[in-house]
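Below is one structure, written out as structure tokens; the observations come after it.
We did not get these values from a lab; they are worked out from the coordinates using the rules stated. Because the structure is predicted, anything quoted here is derived from the model rather than measured. As a convention, Cβ positions derive from the backbone with ideal geometry for all residues, glycine included, and neighbour counts pool all protein chains shown.
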Amino acid sequence: MELTDIQRKFVLHWGEMGSLWGVNRTVSQIHALLFAYGKPMNAEELCDTLGVARSNISNSLKELQAWNLVRITHTLGDRRDYFETSVDVWELFRTVVRERKEREFDPTVRVLRELVSSPEFQKEPADAQDRIRSTMELMEKLATWADEMLRLSPGTLDKVMTLGASVQRFVRGDTASNDKGGKGDDPDAHHASLPMI
């Protein structure tokens, strides 16, 4: 398969970013190619298009399947396995967040809970207890928030993210109704020195 210039740049960049995110470059490139192409491809097509060894393609596809980012499909009259990914960016976002949370975040929360509930924890200095407990509480809140976000439909999640700036101004108290100085057009006029939340 011959990639367009846009597809090629997208696939190459996604591979580079994957490395920064802790994901194998080939894994990222395969996923980017399937997403950009938007149709199922077999392993041979992936090998030819990316110029990667078949063994590397096979291992990368297994990794993507383990992350629930790629699924196998079949074509009538063709015994080969074809691979596809969702072309819905919101579905992909939710899958990545859910998988990373389950693999990386939840185990840490469990360990912190075990530490805090152990009898030995009380023997630690008070300031150390506070730091560990605070870390656990923050991670528990983030986990709850992530679970709630994952339950939302893509449309609702999009609205929540769009409302982010308005919520931030509300939390900071920057509303036109609270503006006694007549500068309602500039919500940051009285709070320019406050850090962004």
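In the chain, taking the dipole from charged Cβ atoms about the Cα centre, the farthest positive-side position among 111, 22, 4 is held by 111.
Distance between the modelled labels on residue 114 and residue 99, one decimal in nanometres: 2.5 nm (7 Å Cα→Cβ projection). A simple spin-label model places pseudo-atoms 7 Å from Cα toward Cβ; at residue 79 and residue 54 they are separated by 1.4 nm. Work out the FRET efficiency for residue 146 and residue 72 from their Cβ-Cβ distance, taking R0 = 22 Å, and round it to the nearest 0.05. Efficiency for this residue pair is about 0.20.
Each peptide in 125-138, 57-70 was scored by the mean count of other Cβ atoms within 10 Å over its residues; highest first, the order is 57-70, 125-138. About its Cα centre, the dipole of segment 5-84 is roughly 80 debye, where the only charges are +1 on Lys and Arg Cβ and -1 on Asp and Glu Cβ. Spin-label model, residue 21/residue 170: points 7 Å from Cα along the beta carbon direction are separated by 3.0 nm.
What the Cβ-Cβ distance of residue 44 and residue 88 gives, at R0 = 30 Å and to the nearest 0.05, is a FRET efficiency of 0.70. Counting lysine pairs in the chain that sit 8 or more residues apart in sequence, or on different chains, and whose Cα atoms lie under 23 Å apart gives 6. Were the residues from residue 3 through residue 62 laid out at 0.36 nm apart, the gain over their Cα-Cα distance would be 18.9 nm.
Taking a ≥ b ≥ c as the square roots of the Cα gyration tensor eigenvalues, with a/c under 1.5 meaning rounded and otherwise prolate when a/b beats b/c, else oblate, which class fits the chain? Here the chain falls in the oblate category.
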